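Here's the structure, in structure tokens; my notes come after.
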Amino acid sequence: NVAVDEQGRKGTWTLIYDEGFEVTIGGQKWFAYFKYTQDAQGNVTSYCGETSPGWFHDEKAPMPGTPPLRWGCFKGEKAEKVVRTEVPDGAMDSDKIYKADPKLQAYLETEASWTVGPSVFEGMPLREVKKRMGG
């Protein structure tokens, strides 16, 4: 959970469930929710490479009992291309067995510089994967 800014300063990065993140670095705190939309039927689309407008402020208040100073807004966007995967409604409610996509894993390892390890979900029915992911 280490964050490093453009000046080389180190801070912390904390994921807030699957909804957002907080970064504390350079004397400031930054928070944003991940961007998503919901249509009239209740279908939710997540935009994993973007945030909704977030906010930042000084990490510490100038005096006890006072709010932090220097507040502002920001919007985040991932620098690298995000691979988008559409999941049909009800697809995660099946007994079909989860199998990692080798093309996606290869992309993540080469283009996005991620290290991809074995999935804990490999060989599990999709309904169980959904349950373990909080669905």
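The values are calculated or read from the model by the stated rules, or taken from the named source; none is laboratory data. All figures in this text were calculated on a predicted structure; none of them were measured in a lab. A quick note on method: Cβ atoms are made from the backbone with ideal geometry, for glycine too, and the neighbour counts reach across all protein chains shown. Ligands, DNA and RNA are stripped out before the accessible areas are found, and what is left, the full protein with its side chains, is counted by its heavy atoms. Shrake-Rupley method; radii C 1.70, N 1.55, O 1.52, S 1.80 Å.
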field: Any strands (runs of 3 or more DSSP E) falling wholly within the range 1-78 and containing at least 3 residues that are within 30 Å of residue 92 (Cβ to Cβ), open to solvent by less than 90 Å² (accessible area, probe 1.4 Å) and in contact (Cβ under 8 Å) with a residue 24 or more places away in the chain
entry: 44-51
- line: Picked from the range 110-123 (must be at pLDDT 70 or above and farther than 21 Å from residue 17 by Cβ), the residue least open to solvent (accessible area, probe 1.4 Å) is 123
